[in-house]
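Remarks on the structure that follows.
The values are calculated or read from the model by the stated rules, or taken from the named source; none is laboratory data. Just so we're clear, the structure is a prediction, and the values are computed from it rather than from any experiment. Don't worry about glycine lacking a Cβ; one is built from the backbone with ideal geometry, like all the others, and counts go over all protein chains shown. The accessibility values were calculated without ligands, DNA or RNA, using every heavy atom of the protein model including side chains. Shrake-Rupley method; radii C 1.70, N 1.55, O 1.52, S 1.80 Å.
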Amino acid sequence: MNFRDLEYVLAIAKHGQFSQAAVACNVSQPAMSNQVKKLEQELGTDLFLRLNNEVRPTACGDRVIAIAQRILKDAQTIRDTATQFRDPEAVPFHVGMTPTLAPYLTQYFSELFSTLFPNMRVTMVEDLPQNMLRMVEDHTLDVALVAKVNTAATLDFTSIWTEPLFLAVREGHPLCHLPSIAPEDVPAHDFIRLPHSFGYDLEDRLPKSDPVHRVGKRFDLSALRFETICRHICHSDDCTIVSALAAEQFRRDRWPLCFVPFDAPGNLRNLGAVTRPGCPRRPLLDRIGTYINATPPVGVTPTFSG
């Protein structure tokens, strides 16, 4: 019996099929099946019932799965402990960011890591919040930057900054000169939004995505990429929401957009770093937070408190 055997057992229990479990473990299905069969022979009992379209744990299998989860978690704790005593810059760092953050922070974080950890290899991963939380839990990511409202109770959240929300419209739009706007006053027939949340409380008060609202549009748009929407707004009467970080980047790039602040409450999002409890990279996060407090990205208010 070894750790790999236990990883196979957990993968089979999770996916309910040998084929999917084998893909998840990056091994061939026959190799996984043979290894699990050897483990069952070693233990003298079956761990799984092989049915026509699925695989189910036996009563013994359920107990073994629970023990295997604890063993592998403890093994990872040992690896994490060793990481704390190695040179921090010798271990690659993986940070996740959402599609509404990553395009506007690549240069900032490249400079941050070059200053703080010049010898460390850093990989930035762009993905949706729910995907990144899973990646933090399974150790694929060390840290994910997400809004507090998008976090999970099983992970630690460290506040880094707050930033306001704006309504983006083209230059010359009738709403362009408003000092501020309430979510309820955003025109539903002109409003385009992404399918996922930016992390602001007032988003629930904004118009919902409903094709009926836009049925009269000669040219309509449904997009997955935030910048596709913003480029469309530059030459239309449509509007969308943008964070302060995005607004500042669009201003620097001279996009023909205006940004109308939203009325409080709920117009600020608390953005922070999500990590596993007891994460060994916590000292690095403390240095990152201190750097951000001293030199924050334009448009945000630092909140890191060590």
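Laid out as a table, the results:
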{"quantity": "Selection within segment 281-302 - open to solvent by less than 50 Å² (accessible area, probe 1.4 Å), farther than 17 Å from S243 by Cα and not in a helix (DSSP H, G or I)", "calculated": "R281"}
{"quantity": "Conditions (1) modelled with pLDDT of 90 or more; (2) surrounded by 10 or more Cβ atoms within 10 Å (Cβ to Cβ); (3) over 25 Å from R276 (Cβ atoms); number of the one not met by F93", "calculated": "(3)"}
{"quantity": "Residue within segment 23-41 that is open to solvent by 60 Å² or more (accessible area, probe 1.4 Å), under 16 Å from I67 (Cβ atoms) and acidic (D, E) present", "calculated": "no"}
{"quantity": "Options T45, T81, T58: the member that is open to solvent by 20 Å² or more (accessible area, probe 1.4 Å), among the hydroxyl-bearing types (S, T, Y) and modelled with pLDDT under 90", "calculated": "T81"}
{"quantity": "Any hit, segment 100-113, residues being in a helix (DSSP H, G or I), small (G, A, S) and closer than 30 Å to T240 by Cβ", "calculated": "yes"}
{"quantity": "Cβ-Cβ under 7 Å pairs, at least 6 apart or on other chains, segment 2-31 side closer than 17 Å to D74 by Cα, far side of a type in the set (V, I, T) and open to solvent by 40 Å² or more (accessible area, probe 1.4 Å)", "calculated": "L6/I71"}
{"quantity": "Those residues of segment 111-162 which are more than 14 Å from the chain's Cα centre (by Cα), hydrophobic (A, V, I, L, M, F, W, C), open to solvent by 40 Å² or more (accessible area, probe 1.4 Å) and farther than 17 Å from P277 by Cβ, in sequence order", "calculated": "V122"}
{"quantity": "Meets criteria (hydroxyl-bearing (S, T, Y) and assigned to a strand (DSSP E or B)) for T240", "calculated": "yes"}
{"quantity": "Residue pairs meeting the criteria (Cβ under 9 Å; at least 6 apart or on separate chains; first in a helix (DSSP H, G or I), in segment 34-60; second of a type in the set (K, R))", "calculated": "Q35/R4"}
{"quantity": "Residue ID - nearest to the chain's Cα centre (by Cα), chosen from residues in segment 204-246 that are closer than 22 Å to M97 by Cβ, free of Cβ contacts under 8 Å to residues at least 40 places away in the same chain and open to solvent by 10 Å² or more (accessible area, probe 1.4 Å)", "calculated": "L224"}
